[in-house]
Amino acid sequence: MKHKIGILGFGTVGQGLAEILLSKKEELKSKYGYEFDIVAVGDFKFGNVYNANGLDIPSMLKEASVGKKFSKDITDWDNINLIKNSDTSVWCELTFTDLVNGGPAVDHVKTALKAGKHIVTSNKGPAALCYPEMKKIADENNCKFMIEGTVVAGTPVINLADGPLAGCKITKIRGILNGTTNYMLTEMEKGMPYDEVLKVAQSKGYAEADPTGDVEGYDARGKVTILANIVMGAGIKITDVPCEGITKITPKDIEKAKSQNKRWKLIGSVELTENGVDASVKPEMIDISHPLAGVSGATNALTFTTDLLGDVTIVGPGAGKIETGFSILTDLIKIHRG
Ligand SMILES: NC(=O)c1ccc[n+]([C@@H]2O[C@H](COP(=O)([O-])OP(=O)(O)OC[C@H]3O[C@@H](n4cnc5c(N)ncnc54)[C@H](OP(=O)(O)O)[C@@H]3O)[C@@H](O)[C@H]2O)c1
């Protein structure tokens, strides 16, 4: 069966996914029997396009790379009509994240699932704010709501818990879920003050012009909420998770950690307790010998505590065009394999 892919949001991740699918077309076919056409793309900046026989992705990537609107296969369907009317089997929802209301992504996801089309997404909004509702709609319509990319990009976390760690009871997940703040803490340890580090992080593209989502821990809180609900079935809301960022860490705090052979990390944590699931995001001093203490720069890492394996730590990129594009590919292949 040839998969008919639609992509909503042709920005960094959307283009990364398109590049991967193009470059691996033959490998995906020969290795996994995965065959596809990208038939629909919807994007604010570049326009909405549809061709049931497959879009001309190389020329779309070329146009997008110079900020030009798509010139072929233009449709006047808006996003909702594009999702409903197009002959697509799966939609990749890659528009912007809204961790307050979910943004248009929630409507995109609902529309696709109700039309019996799978969803693969790296957008934390629908997953962090309304996973149970989305999953229910997916189940009712016999399709999948896949969200590997919402936590630590393509580094396997959700699929690790669901796949290789199946059979283990996961009692705790703790880790570094935000690359921007980890980069900043790493630099602060070298002696640079917070304000200066923030400017460098912004100049390197790690931190946004408005860094609130990262430095106040809200991005990590979205991921913690997803892990709590999906891996541990907590049924919690994002606002239930206590959250403190890194803005109050002073040079004195950095020195204090050093003197105790420790290091500050912004830790997202989810733990099964007798009373349910405890989840939080806060800066913690981690002993230098712990695997998480050795994770520096923009890298992410998570330690799963399990009953049968003890601690399992996974370290990898938490962002990036290809790294996040890969998270979408991995879920597309998972859907293909059933
Ligand atoms: N980049 C990463 O490394 C990374 C990692 C993990 C997760 N994610 C998540 O993945 C998603 C995509 O990220 P990204 O980095 O690709 O973002 P991006 O570069 O900003 O791309 C998003 C694209 O979607 C378009 N768009 C926004 N709202 C839309 C709508 N309602 N309908 C159609 N198009 C819309 C944007 O157009 P305009 O620019 O005109 O608004 C832009 O072209 C986000 O939810 C992000 O949080 C990203």
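From largest to smallest, what semi-axes in whole angstrom does the range 1-142 give when each is the square root of 5 times an eigenvalue of its alpha carbon gyration tensor? Intermediate values should be presented prior to the final figure.
Numbers: eigenvalues 106, 67, 41 Å².
Taking √(5λ) for each Cα gyration eigenvalue gives 23, 18, 14 Å.
Arranged from highest to lowest average of other beta-carbon atoms within 10 Å per residue, in what order do the peptides 307-320, 234-247 appear?
Values: 307-320: 15.5, 234-247: 17.1.
Packing order, densest peptide first, comes out as 234-247, 307-320.
So for the range 161-317, averaging the separation of alpha carbon pairs under 8 Å that are six or more residues apart and normalising by length, what relative contact order in percent results?
Relative contact order here is 34 percent.
Where both partners of a DSSP beta bridge lie in the chain, what percent of those bridges are antiparallel, to the nearest 5?
Numbers: 36 of 54 bridges.
Here the antiparallel bridges make up roughly 65 percent for the chain.
Which value at 222 nm does the chain reach when only helices count, each DSSP H run of 4 or more adding -39,500 (n - 2.57), with the total divided by all residues and rounded to the nearest 500 deg cm²/dmol? Mind showing how you got there, number by number?
On the way: 13 runs with 134 residues, N = 338.
That comes out to -12000 deg cm²/dmol.
How many angstrom lie between the C-alpha centres of the range 261-338 and the range 113-174?
After rounding, the separation between the Cα centres reads 16 Å.
Could you work out the relative contact order of the range 157-244, using alpha carbon pairs under 8 angstrom and six or more residues apart, expressed as a whole percent?
Details: 56 pairs, mean separation 24.6, N = 88.
Relative CO of the range 157-244 lands at 28 percent.
From zero up to wherever the largest Cα-Cα distance of the chain sits, split into 10 Å bins and tell me the percent of pairs in each.
Reading upward from the zero bin: 6, 25, 32, 23, 11, 2, 0.
Expected output is a single nm value to one decimal: the length gained when fully extending between Lys282 and Lys256, i.e. 0.36 nm times separation in residues minus the C-alpha distance. What is it? Working shown, then result.
Working: separation 26, 0.36 × 26 = 9.36 nm, distance 1.70 nm.
Contour length minus the Cα-Cα distance gives 7.7 nm.
Sort 91-102, 43-54, 142-153, 185-196 for me by packing, meaning the mean count of neighbouring Cβ atoms within 10 Å per residue, highest on top.
Per-residue Cβ counts within 10 Å, averaged per peptide and sorted highest first, yield 142-153, 91-102, 43-54, 185-196.
For the range 161-317, give me the percentage of DSSP beta bridges that are antiparallel, rounded to the nearest 5 percent.
Working: 31 of 32 bridges.
DSSP beta bridges in the range 161-317 are roughly 95 percent antiparallel.
Of the cross-linked pairs Lys204/Lys252; Lys25/Lys204; Lys237/Lys334; Lys223/Lys265, which ones have a Cα-Cα span greater than 21 Å in the structure shown?
Numbers: Lys204/Lys252 26 Å; Lys25/Lys204 32 Å; Lys237/Lys334 27 Å; Lys223/Lys265 16 Å.
Flagged as over cut-off: Lys204/Lys252; Lys25/Lys204; Lys237/Lys334.
Holding the Cα-Cα limit at 28 Å, pick out from Lys2/Lys144; Lys69/Lys114; Lys62/Lys199 the pairs that are longer than that. Mind dumping the intermediate values first?
On the way: Lys2/Lys144 17 Å; Lys69/Lys114 30 Å; Lys62/Lys199 32 Å.
Result: Lys69/Lys114; Lys62/Lys199 exceed 28 Å.
Go through the range 197-287 and name the chymotrypsin sites (Phe, Trp or Tyr not before Pro) that are in a DSSP coil and have 13 or fewer other Cβ atoms within 10 Å of their Cβ.
Numbers: sites: Tyr206, Tyr218, Trp264; in loops: Tyr206.
The qualifying sites: there are none.
Only the coordinates and a few stated rules stand behind these numbers; no lab work does. These numbers come from a predicted model, not from an experiment. So basically every Cβ, Gly included, is an ideal-geometry build from the backbone, and we count neighbours across all protein chains shown.
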